[in-house]
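Chemist: Sharing a structure below in structure tokens format, with a few things to ask.
Just so you know, all these numbers are worked out from the coordinates, no wet-lab data involved. This is a predicted model, so every value here is computed, not measured. Cβ: placed from backbone, ideal geometry, glycine included. Neighbour counts: every protein chain shown.
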Amino acid sequence: MLKEWPLVAFTIAGQMAVGVFCFLLFPLLLLLSPGTSWSETARHTVLIVWGGTFGFIAIAAALSLFHLHHPFRAHHTLANLRSSWLSREIFFELAFMALVALAFVLVWTGHTRGLFLRAVMSASALAGIMFLVSMSKLYMLKSLPPWNSAYTGISFFMSAATLGAMATAWVTGSPPGNPGSYFSALWTAALFFVASDILFAVLLTPQYGAAGFRPGPSLRPPPRALRRLYFGRLALLAGGLILAVLGMVQAVPGSAGGFGSTPMAAAGQAGPIMTIAFVLVLLGEIAGRFLFYGLVPRPGD
Amino acid sequence: MVTQYGFFFNAAACSGCKACQMACKDRNDLEPGVLWRRVYEVTGGGWEKKGGVWVPSVVSYNISMACNHCEKPVCGLACPVKAITKREDGIVFVDTGACIGCRYCEWACPYTALRFDARTNTVSKCNFCYDAIDAGGTPSCVASCPQRALDFGDMAELRKKYGDVRQIFPLPDPAQTEPALIIKPHRDAARAVERAAEVANWEEV
């Protein structure tokens, strides 16, 4: 199970990148009319988050090479788009990465008014979502009943939503001093997704969830010793959720609270409570992904 | 001309001696831990009360399993680099020169036929001893079985000789891959589910 760390890192980083894009950049663009000119601060913030998105997806692409035993043959992976979801996953990942980079360059060079940017961003969002869809379909194999359920797709999309919203909120700080603003809604969205993630995990996790699939005998070795990982994941997510709620309750407009000192909050930086909350949720997602791969041991390993 | 080679396995005759497994390892010079043919020991049951008497209700049989050179090889469909191909006679091959070692096919195959080979850093699997077949010979597993529990040939011929049973507990639904495999079930296989049978020798396979 621990041998699958490159896949854990690849899927988590890839999902976080799509989540950040879909939860900050794309909706932000939709909120703006094509003729709106961006303030320098807004452009700066967007560029930082955008750079982070590109960084996550580039890291994901690099980490994916570590699970190949012949990485120098990796350029052949697009050879079977006709029937392999793995080929399609790589195709959409590369498309997402290229489109995000193009859109970044457009904003960086000040081309923020044209419809072309909106078209590029829409195509990026579509490629990102298709990346998640192909990543889910890739594991939903008939030969692997523990993965061949809607929960695989649900958990991947929930990870993207949770990590995307939390990472964006953490990076931007999103102090709730300005109710109604887009940024201040991010932590609320993040808390909703973390709570949903916990609920889905309790109900649907294969083998352990209340209504989760219980695999029967097959020619594949049964999973071992995953119970601690399952409960550890739930504890980490719940810890992150509680801390984030505490941080939000403390953070009244104009005060320090969980978002750090007032100047920091004004500058858009999360404080230590929110940072710990984000780290706990991230660790919870990582534990959940190790659990996911642990459900299907490879024979002979 | 053969259009689809396949295996016949007689579970009723197999004693679980693993001569097929070892002959395969020997012929293909496989590393320790890499098994192209494996013998699963399926066991279950215990004791049950019939009237006033406790009687044994044990079920136990063996399944010798390699790549089934499926008519619908899902491993090949899943491979991102098209390193898994099918010959005209139905034998499914791994091209180790093209394989990138992503090991995705290991997950795709419900028979766990594909095994990672650390020597080549690629997956590997049964190649039906194609060179022996091409020379008019016999796959080593078939040749080595002292019980004559294994046979091979064209699937059309095998069906005529042995029928068309392709699944016993705990093999997957054959509709998934259309395996080139005919089985004569052991009598215990019919009671395996009700007696909660399972594979007992995971460490070996």
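Chemist: Considering chain B as a Gaussian network with a 10 Å cut-off on Cα pairs, which listed residue, B:50, B:25, B:160, attains the greatest mean-square fluctuation?
Modeler: Highest fluctuation of the listed residues: B:50.
Chemist: At 222 nm, what value in deg cm²/dmol follows for chain A if DSSP H runs of at least 4 each add -39500 (n - 2.57) and the sum is divided by all its residues, to the nearest 500?
Modeler: My calculation for chain A gives -22000 deg cm²/dmol from helical runs alone.
Chemist: Based on the alpha-carbon gyration tensor of segment A:107-226 and its eigenvalue square roots a ≥ b ≥ c, which shape applies: rounded if a/c is under 1.5, prolate if not and a/b is larger than b/c, or oblate?
Modeler: oblate
Chemist: With the Cα gyration tensor of chain B giving a ≥ b ≥ c as the square roots of its eigenvalues, does the rule (a/c under 1.5 for rounded; else a/b larger than b/c for prolate; else oblate) give rounded, prolate or oblate?
Modeler: prolate
Chemist: Follow-up question, since we're still on this one. As a check on your grasp of the helix formula, calculate [θ] at 222 nm for chain B: sum -39500 (n - 2.57) over DSSP H runs of n ≥ 4, divide by the residue count, round to the nearest 500.
Modeler: When only DSSP H runs of four or more count, the value is -4500 deg cm²/dmol.
Chemist: So which residue, out of A:278, A:21, A:91, gets the largest mean-square fluctuation from a GNM of chain A using Cα contacts under 10 Å as springs?
Modeler: A:91
Chemist: Any idea how far the Cα center of segment A:69-134 sits from the one of segment B:11-40, in Å?
Modeler: Cα centroid of segment A:69-134 versus Cα centroid of segment B:11-40: 45 Å apart.
Chemist: Which order do A:143, A:83 fall in if you start with the one that has the fewest other Cβ atoms within 10 Å?
Modeler: A:83, A:143
Chemist: Roughly how many debye, to the nearest 20, is the charge dipole of chain B about its Cα centre, given +1 on each Lys and Arg Cβ, -1 on each Asp and Glu Cβ, and no other charges?
Modeler: So the magnitude is around 420 debye.
Chemist: Taking only Cα atoms and a 10 Å spring cutoff, compute GNM fluctuations for chain B and point out the largest among B:84, B:182, B:100.
Modeler: B:100
Chemist: Right, here's the next one. Under the rule a/c < 1.5 gives rounded, and otherwise a/b versus b/c splits prolate from oblate, where does chain A land using the Cα gyration tensor?
Modeler: Cα axes put chain A in the oblate bin.
Chemist: Next question. Tell me which residues come under 5 Å, amide H to amide H, from residue B:152 once H is placed; ignore anything under 5 positions away on its chain.
Modeler: Excluding prolines and chain starts, which carry no amide H, the hits are B:8.
Chemist: Could you give the distance between the Cα centres of segment A:47-68 and segment B:151-205, to the whole Å?
Modeler: Segment A:47-68 and segment B:151-205 have Cα centres spaced 45 Å from each other.
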